[in-house]
Amino acid sequence: MYGRFQQHLKDQLAEIREAGLYKAERTICSPQGAEITLADGSKALNFCANNYLGLSDNPRLIAAAKKAMDERGFGMSSVRFICGKQDLHEQLEKAISDYFHTEDTILYAACFDANGGVFEPLLTKDDAIISDALNHASIIDGVRLCKAVRYRYENADMEDLERCLKEAQAQRFRIICTDGVFSMDGNVAPMDKICDLAEKYDALVLVDESHSAGVVGPTGRGVAEQFGLYGRIDIHTGTLGKSFGGAVGGFTTGRKEIIEMLRQRSRPYLFSNSLPPMLCAAGIELFKMLGESNELHDRQQANVKYFKDQMEAAGFDIHPTESAIVAVMLYDPILAGNFAREMAKENIFVTSFTYPVVPKGKDRIRVQLSAAHDFAQIDRAVAAFIKVGRKLGVIK
Ligand SMILES: *Cc1c(COP(=O)(O)O)cnc(C)c1O
């Protein structure tokens, strides 16, 4: 049997390669950080990690994780309803609730699981899910696992959302779900308007804070802080894999009864291992750190501005951003691919995004700024952008 199937896979893989969509991976032989070391010993500046607060190699988090490993072991070897949890899980859930000003929190192995397990336990075929067209793949999959009626509105388009809300009056309950920050453009969802419409049309609100937490809002506490919406967003999902240390882990935080129901019925929680103690301990330390000082958030914001201002001055077309994501628009797939490759030759890692990840003709380079970068490193990135931009005829 495998012979025929093998040929089928080989043909498909060849098609992916020919279409230029094959995803290769580089091998890093150092901690994640502003500067990384590759397998061949060369060094590069990394502008494509979600390491927004620069915590991926933070000594305090590493020390907290090591201590927990010594005191609490390596893994939990079970799910929570069978074997229970450690006090560390409870403390981390409490720290996340405090950070987001929510009532309760439930931990998952990843935000992919949080989104995968949030809709099906709460809603049935009598209900409606109203989803932004650019929501993350994990929200799309979570919606697929639920029998609720689906509505889709154009990215951050409030007229289109209102149209969906009117149509969805046919259902019993409605929930609007959106990413807080959209990862391709770096734009922030208009949460104030979303919450107003939710009130007008009697809908719940879910926001995925994966790219907004630690970034958006005066102290980085996400969209509720940014728009003054504490108490008006019913559910936040998020990850420990981006701003919050960059390891793994996900969470859903929000209204008490919602979280309680997820503990009873959410399948990725019930049927998947609980987080290892070291990740919980590092997470607890992380939220303690973020409570002590706003320095990392401020530095990251300053870095975004420093980079964006120089790029605009150099003549690049920068998509308006309100986050740590800066899209350098190139409007051509081949050009975007070549641009990223040329940047890598300059030892600057940035990502090109082309159709179908972004709409046709909206090809770009995505740059992610971090608190870990210093101005000298950003200067090097801008210099490389200018050199490559001139070589490829993007700027004069
Ligand atoms: C990264 C991301 C996720 C997935 O998070 P993991 O914890 O890595 O599974 C989910 N939603 C959004 C919006 C993301 O950007």
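Bridging of residue 345 to lysines at a Cα separation below 16 Å is possible for 43, 387, 391, once same-chain residues fewer than 8 apart are set aside.
Would the chain count as rounded, prolate or oblate if I go by the C-alpha gyration tensor, calling it rounded below 1.5 in a/c and otherwise prolate when a/b exceeds b/c, oblate otherwise? Judged from the Cα gyration tensor, the chain comes out rounded (a/c under 1.5). Here's how it looks for residue 131: its modeled amide H is under 5 Å from those of 151, 152, 153, 177, which are all 5 or more places away or on a different chain. Length gained on full extension, residue 15 to residue 2, computed as 0.36 nm times the residue gap minus the Cα-Cα distance: 2.7 nm. Rounded to the nearest 0.05, the FRET efficiency derived from the C-beta distance between residue 395 and residue 346 at R0 = 22 Å is 0.90. Solvent-accessible area per residue in the chain equals 47 Å², computed with a 1.4 angstrom probe and all protein chains kept.
Assuming R0 = 25 Å, what is the FRET efficiency of residue 264 and residue 150, from their Cβ-Cβ distance, to the nearest 0.05? According to the calculation, E is roughly 0.55.
For the pair residue 200 and residue 77 in one chain, pulling the backbone fully straight at 0.36 nm per residue adds 39.7 nm over the alpha carbon distance.
Please report the net charge: other residues with Cβ closer than 12 Å to the Cβ of residue 38, K and R +1, D and E -1. Working shown, then result.
Working: positive: 26, 43; negative: 25, 35, 40.
Once positives and negatives cancel, what remains is -1.
Placing a pseudo-label 7 Å from each Cα along the Cα-to-Cβ vector at residue 140 and residue 24 gives an inter-label distance of 2.6 nm.
In terms of the mean number of neighbouring beta-carbon atoms within 10 Å, the peptides 121-131, 99-109 order highest first as 99-109, 121-131.
By the combined test of axial Cα extent (at least 18 Å) and Kyte-Doolittle hydropathy (mean at least -1.0), the qualifying DSSP H helices of the chain come to 59-72, 87-100, 277-292, 333-345, 375-391. In the assembled protein chains, residue 261 presents an accessible area of approximately 70 Å² (probe radius 1.4 Å). Summarising the strand pairing of the chain, around 55 percent of its internal DSSP beta bridges are antiparallel. A dipole drawn for the stretch 59-292 from +1 and -1 charges on Cβ atoms has a positive end, and of 61, 203, 235 the residue lying farthest that way is 61. Cross-link partners of residue 308 among aspartates and glutamates, defined as those whose alpha carbon lies under 17 angstrom from its own and excluding same-chain residues fewer than eight positions apart: 185, 298, 317, 322, 374, 379. Taking 0.36 nm per residue of separation and subtracting the Cα-Cα distance, full extension of the segment from residue 293 to residue 172 would add 39.1 nm. Placing pseudo-labels 7 Å out from each Cα toward the beta carbon at residue 317 and residue 192 gives an inter-label distance of 3.0 nm. Net charge near residue 157: determine it from the other residues with C-beta under 10 Å of the C-beta of residue 157, scoring Lys and Arg +1 and Asp and Glu -1. Net of charged neighbours comes to -4.
Compute a Gaussian network model of the chain, connecting alpha carbons closer than 10 Å, and tell me which residue from 209, 154, 342 fluctuates the most. Looking only at 209, 154, 342, the biggest GNM fluctuation is shown by 154. For the pair residue 355 and residue 124, a Förster radius of 30 Å applied to the C-beta separation gives a FRET efficiency near 0.25, rounded to the nearest 0.05.
Considering only DSSP beta bridges whose two residues both sit in the stretch 203-312, what percent are antiparallel, to the nearest 5? Kindly include the intermediate steps, with their values, before the conclusion.
Details: 5 of 8 bridges.
DSSP beta bridges in the stretch 203-312 are roughly 60 percent antiparallel.
Compute the Cα gyration tensor for the stretch 1-144, then decide on rounded, prolate or oblate, letting a ≥ b ≥ c be the square roots of its eigenvalues: rounded whenever a/c is under 1.5, prolate when a/b is larger than b/c in the other cases, and oblate in all that remain. Cα axes put the stretch 1-144 in the oblate bin. Peptide packing for 269-280, 136-147 was compared via the average number of neighbouring C-beta atoms within 10 Å per residue; ordered from the highest value, the list is 269-280, 136-147. Restriction of the trypsin sites (Lys or Arg not before Pro) in the stretch 1-96 to DSSP coil positions whose beta-carbon has at most 16 other beta-carbons within 10 angstrom yields 23, 26.
The values are calculated or read from the model by the stated rules, or taken from the named source; none is laboratory data. What you see is a predicted model; the values in this text were computed from it and never measured. In this analysis, Cβ positions are derived from the backbone assuming ideal geometry, glycine residues included, and neighbour counts consider all displayed protein chains. Surface accessibility is based on the protein's heavy atoms, side chains included, excluding ligands, DNA and RNA. Shrake-Rupley method; radii C 1.70, N 1.55, O 1.52, S 1.80 Å.
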